[in-house]
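The values are calculated or read from the model by the stated rules, or taken from the named source; none is laboratory data. Source: prediction; values computed, not measured. Quick reminder, even Gly has a Cβ in these numbers, built from the backbone with ideal geometry, and neighbours come from all protein chains shown.
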Amino acid sequence: MIRYLAKRGITYVFMIFLTTSAGYFLAVSSLKPALLEQERIPRPTPEQVANSMRLKGLDPDLSPWERYVEWLTGIMTRWDWGRSPNGAFINAEFGDRVWISTRLFLASIVLTLVIGVALGVYSAARQYKFQDRVITSYSYLAYIVPAPIAYFLVQLGAININETVGERIFFVTGISTPGMQPGWAQFVDMVAHYAVPTIAITLVGWGSYQIAQRQYLLDNVNADFVRTARAKGLTRNQAITRHALRVSFIPVAQSIAFTIPAIFAGGFFAEKIFAWPGVGSWSIDAISLQDVNAATATLAYGSVIFALGAILADFATTLVDPRVRVQ
Amino acid sequence: MSTFLEPADPAPTAAERLHIAGLHSPSDAVLSVRDLNVSFNSENGAVHAVRGVNFDLMPGKTLGIVGESGSGKSVTSLAIMGLLPATAEISGSVRLKGRELLGLSDKAMCAYRGNDIAMVFQDPLSSLTPVYTVGTQITEALTIHNPGMSKAAKETRAVELLAMVGIPSPRNRLRAFPHEFSGGMRQRVMIAIAIANNPRVLIADEPTTALDVTIQAQVLEVLHTAQEETGAAVVMITHDLGVVAGIADDIMVMYAGKPVETGSVDDIYYDPRMPYTMGLLGAVPRVDVAEKSSLVPIDGIPPNLLHTPTGCSFAPRCPLVTDACLDGEPALSPVPGTGYHQAACIKSASLGGDVDVHEIFSAPPVPVSRFDLIPRGDRSTVLELKDVRKHFPLTKGALLKRRIGTVKAVDGLSFDIREGECFSIVGESGSGKTTTLLEIMEFHKDQDGEVIIGGISNKQAADAKTKSAMRREMQMVFQDPTGALDPRFTVYEVLAEPLQNAGMDKRAIKKRIMELMNLVGLQPDHVNRFPNQFSGGQRQRVGIARALAVNPKLVVLDEPVSALDVSVQAGVINLLDKLRAELGLSYLMVAHDLSVVRHISNRVAVMYLGKIVEIGEVDRVFDNPRHPYTRALLSAIPVPDPQFERTRERIILQGDLPSPLDAPKGCNFATRCPVFAALPAAKQEHCLTLEPPLEAVQPSAAVEILEAGPVPTPDQQFACFFPDGELDEHMLVVHETAEPHAP
């Protein structure tokens, strides 16, 4: 197992290096922060702009290759991912952003999974009955409705509750109220901020897991081995929960392992709408602000997360499926 | 002895009178089924899958239920087990030791399932849960019905069960997963699960259909042991009349959801009274008979079960049909002058004795080819293989591949096929039959070995032109007729494609297609139909027509009838026979059914692990097999003849075909050889170090004296050092205990 991980790890490090390097070249040749600087009022002279850029390590006069070597040396020798055109250090900014994203999505991912898989099993056991139709129709609806609209609807709902009660129970945007004293009050404030985005992301997210789990389980409820289990003397429901469920979970486990990282890296809409400035919104901002280093850093983060997901998926598969051998 | 009853009838029948007199009461029966009816609702209306099944199963006895696909035999078994979907409508009565099972809830049924009544299913590959160990799955069956059993006791019992079904080192194998077992081993595990709680009734639904013939013999042997150990009554469901001949006490033949003939095994095989049964028995080729006669084809297809038949359901296919047959469906009634033999035919009384089934079904005469009179040596060669090899490297590692071994799928094959001859290759799965065909079809100059088709060698096949010339010489018919035809092509388009490739003009194509349709026995006005509008047998005929379109000299048949039902299979085999004679075709056939091979082939090669172990004229090889493997293979084939089966000595090979990776250095077969096992150590050494060459059988001295002079060497070669060695007695099985059945 260790050897396998080491082997996979090396492969992925190589791939991350390739994607990140390619991303850097693309960014450095298409993003021109100097042009944006030029629009400032009072209008700086080109020399001033070039000078300020040079100080931040973003010298527009150097060739892409020279800047790449400089940037790579910085990372390799000092783990320094460079600076933004506004002077911020990527390393510092990045840590904050990742932490915000993680906090925003952690609870909802767990809820999404648990609810999605549980409802998938529940609806598969009641195929074409009323409960199944309601749940599955909802899941398809959640599939179709664009995420931002769903988020807005949840926000509106929360505001409605606030108005009906006549008191602000939920915060629909923001991470926390500034200046709270640590203690009970701060905890309540945190929950009030957390509730709306978590509920919104969960409501939108579980649909795909429910549909997948229901489908895979239905593929298996009439499998020969379930019939064998029933012939041994298990009731239909026992046979399904003991035999079909685990088999049907194999493909679901794999897809879960792949989607978790994707959410961490790319919850752009949620971060914007709920005003949690995480990695997703940062990566979009980086492009609009012509920020070469930030754009590359988010790309590198995405690659790392994806590699982790792939390894996690392998892990998950070996865990639930004895037929898969790790060598 | 068990009995069959007909559904409630105003006038009591002989059997019922016996019941009334208390001579044999149904309470003796461990399982008794009365008037079982099952129907499913489909979009087109109710499908009556089972209509009025009755039988009594006595303890320790075996009932064989025989029928083709769609005859309702599996549905009957699932209805008894209570495993049909909730949408099925079931009526009648199923009593297990006097207790009614029909109408019980799923939960209530669970007390019986796996305890008093257990089942073995057809496909061992999918019948075990892939994510649990074999041990877990066996102990589960024990836990359900014996909640108080200790963990250690359960493990001991599981080991005992695995040992009983013949799995080596059972204690270690408990922790193995199903995918680590071969098909035959998995079926053994299934049997172990089924007999875990000593059931009174064991239902086996086509338990060996998915297995190789040598493995089938092993599994049937295990079932026999299981029955002896548990004393269970067995219901054996099969389409293969050979499989049940040796093991069943009674037979029930089903057709269109209804039992059409019931009786003791001897009644059914030696004195069938229902034309359908007679046809079925005549449709099966026999592996032990050399005499060449055409098979009995049963025209038409089984009826659609959506409509309740107004007359005899077999009437549309029956050659003896009269108007009286269409007047109401005949019930099962006793055959006069017999015991409990019953048939559902109004003519059953007149069908006894010396009625020739070939005459009734007007089996075609044996076709004679113009090549039959020419000695083999004088006919030209259509296909020749010289030392063809196909080795697959087995590698390890993702980026840097290391070669860790070689799979010798085909290892030095040489044979030739002459004009007008059918040459067959037989062997278990994994023996390299299909690879051989693929190598011939591949026809590439970089191949290892030489393939010569119609005088064109693969070594000169540099351009597409030579290849397409070769393709006109040789065409192929595939195993699965459904998969081999494009569902969106009409038959016309299917047949026109090869002709267009050959550059024929439109009018010629049309004419040729009409010819082809007639040739394969299809109606020419069906050319605009799609494949799904034909039955399986008809689709295979389309496949044959397509192969014949370009007038090839050689047709490669890859398991041409294995996907077809017995009655349909006979028609296709007769067609192939006829075409060979009329068109002077040569066939290269690959088949696992040795009876079919014997019926249509002139010469045969037996393959084992990529090598030919015996080759020669088909009757010589089948009647006087020299190689121990050929002998084992032939002895494993069930014959539809109960007397013969009961007294027959079988060689049961141990274990599975070894992985080609572990192929021994000397003789490939040594690991499973019954002769090798009984040899003294010095001779064993010989087998293990030297590879036996293919050598011709020498005519015995006695024959030479008789003929006064040297006789030509017979057409039979084999690769074994000690063909006359004694067989290891552990691998020989005879069931002499089975007493003949008095009616």
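In table form, for the structure just shown:
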| quantity | calculated |
| --- | --- |
| Pair list, Cβ under 7 Å, 6 or more apart: region A:46-63 residue of a type in the set (A, V, I, L, M, F, W, C), other residue part of a loop (DSSP other than H, G, I, E, B) and modelled with pLDDT of 85 or more | none |
| Total residues in region B:228-242, condition at pLDDT below 90 and either farther than 22 Å from B:Gln654 by Cβ or in contact with a Leu (Cβ under 8 Å, 6 or more places away or on another chain) (or both) | 6 |
| Residue match in region A:22-29 (condition: farther than 21 Å from A:Ile287 by Cα, part of a helix (DSSP H, G or I) and more than 14 Å from chain B (Cβ to nearest Cβ)) | no |
| Pick from region A:310-327, criterion modelled with pLDDT under 80 and within 11 Å of chain B (Cβ to nearest Cβ), ranking: surrounded by the most Cβ atoms within 10 Å (Cβ to Cβ) | A:Val324 |
| Residues of region B:125-143 satisfying the condition of being more than 9 Å from chain A (Cβ to nearest Cβ) and either touching an Asp or Glu at 6+ places or on another chain (Cβ under 8 Å) or in contact (Cβ under 8 Å) with a residue 12 or more places away in the chain (or both) | B:Val134, B:Gly135, B:Ile138, B:Thr139, B:Leu142 |
| Some residue of region B:325-341 being assigned to a loop (DSSP other than H, G, I, E, B), in contact with a Leu (Cβ under 8 Å, 6 or more places away or on another chain) and either assigned by TED's automatic domain parsing to the domain that holds B:Val33 or in contact (Cβ under 8 Å) with a residue 24 or more places away in the chain (or both) | no |
| Only listed residue being of a type outside the set (Phe, Trp, Tyr), within 30 Å of A:Phe187 (Cβ to Cβ), surrounded by 14 or more Cβ atoms within 10 Å (Cβ to Cβ) and touching a helix residue (DSSP H, G or I) at 6+ places or on another chain (Cβ under 7 Å), chosen from A:Val154, A:Val121 | A:Val154 |
| Any chance B:Gly537 is touching a strand residue (DSSP E or B) at 6+ places or on another chain (Cβ under 6 Å), crowded, with 22+ Cβ neighbours inside 10 Å and among the small types (Gly, Ala, Ser) | no |
| Residue among B:Lys467, B:Lys445 that is part of a loop (DSSP other than H, G, I, E, B) and surrounded by fewer than 17 Cβ atoms within 10 Å (Cβ to Cβ) | B:Lys445 |
| Candidate set: region B:361-381, residues that are in a loop (DSSP other than H, G, I, E, B) and of a type in the set (D, E, K, R); chosen: the one farthest from B:Ala570 (Cα to Cα) | B:Arg379 |
| Those residues of region A:169-187 which are surrounded by 10 or more Cβ atoms within 10 Å (Cβ to Cβ) and of a type outside the set (S, T, N, Q), in sequence order | A:Ile169, A:Phe170, A:Phe171, A:Val172, A:Gly174, A:Ile175, A:Met180, A:Ala185, A:Phe187 |
| Selection status of B:Ile167, within 31 Å of the chain's Cα centre (by Cα) and surrounded by 24 or more Cβ atoms within 10 Å (Cβ to Cβ) | no |
| Of residues in region B:451-464 being touching a Lys or Arg at 6+ places or on another chain (Cβ under 8 Å) and not in a strand (DSSP E or B), the one surrounded by the most Cβ atoms within 10 Å (Cβ to Cβ) | B:Asn458 |
| Matching residues, region A:258-268, being surrounded by fewer than 20 Cβ atoms within 10 Å (Cβ to Cβ) and either of a type outside the set (Val, Ile, Thr) or not assigned by TED's automatic domain parsing to the domain that holds A:Ser283 (or both) | A:Phe258, A:Ala262, A:Gly266, A:Phe268 |
| Checklist (1) more than 24 Å from B:Pro640 (Cβ to Cβ); (2) not in a loop (DSSP other than H, G, I, E, B) applied to B:Ile251, failing item | (1) |
| Residue tally, condition among the β-branched types (Val, Ile, Thr) and touching a residue at least 24 places away in the same chain (Cβ under 8 Å), over region A:174-200 | 4 |
| Verdict on A:Tyr151 being under 18 Å from A:Ala107 (Cα atoms) and either assigned to a helix (DSSP H, G or I) or in the same structural domain as A:Leu113 (by TED's automatic domain parsing) (or both) | yes |
| Some residue of region A:120-136 being touching an Asp or Glu at 6+ places or on another chain (Cβ under 8 Å) and among the small types (Gly, Ala, Ser) | yes |
| Residue within region B:147-162 that is facing another protein chain (nearest Cβ under 9 Å) and within 18 Å of B:Val219 (Cα to Cα) present | no |
| Residues of region B:203-230 satisfying the condition of being touching a Pro at 6+ places or on another chain (Cβ under 7 Å) and either assigned to a strand (DSSP E or B) or farther than 25 Å from B:Asp593 by Cα (or both) | B:Thr230 |
| Top-ranked residue in region B:86-111 [being facing chain A (nearest Cβ under 8 Å) and surrounded by 13 or more Cβ atoms within 10 Å (Cβ to Cβ); ranked as farthest from B:Gly231 (Cα to Cα)] | B:Asp106 |
| Long-range neighbours under 6 Å by Cβ, at least six apart or interchain, first residue more than 7 Å from every other protein chain (Cβ to nearest Cβ) within region A:223-239, second among the β-branched types (Val, Ile, Thr) | A:Ala239/A:Val226 |
| Total residues in region B:164-202, condition modelled with pLDDT under 90, in a helix (DSSP H, G or I) and among the aliphatic types (A, V, I, L, M) | 2 |
| Looking only at region B:112-124, and only at residues there that are over 22 Å from A:Arg246 (Cα atoms) and of a type in the set (D, E, K, R), the one that is farthest from the other protein chains (Cβ to nearest Cβ) | B:Asp116 |
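Condition check ((1) farther than 24 Å from B:Val134 by Cβ; (2) of a type outside the set (A, V, I, L, M); (3) more than 26 Å from the chain's Cα centre (by Cα)) across all residues:
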residue	(1), (2), (3)
A:Gln215	yes, yes, no
A:Leu234	no, no, yes
A:Gln238	no, yes, yes
A:Arg242	no, yes, yes
A:Phe258	yes, yes, no
A:Ala270	yes, no, no
A:Phe274	yes, yes, no
A:Thr298	yes, yes, no
A:Ile305	yes, no, no
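Residue-wise test of (1) modelled with pLDDT of 90 or more; (2) under 27 Å from B:Pro302 (Cβ atoms).
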residue	(1), (2)
B:Arg546	yes, yes
B:Pro552	yes, no
B:Val561	no, yes
B:Val568	no, yes
B:Val572	yes, yes
B:Arg580	yes, no
B:Leu588	yes, no
B:Ala591	no, yes
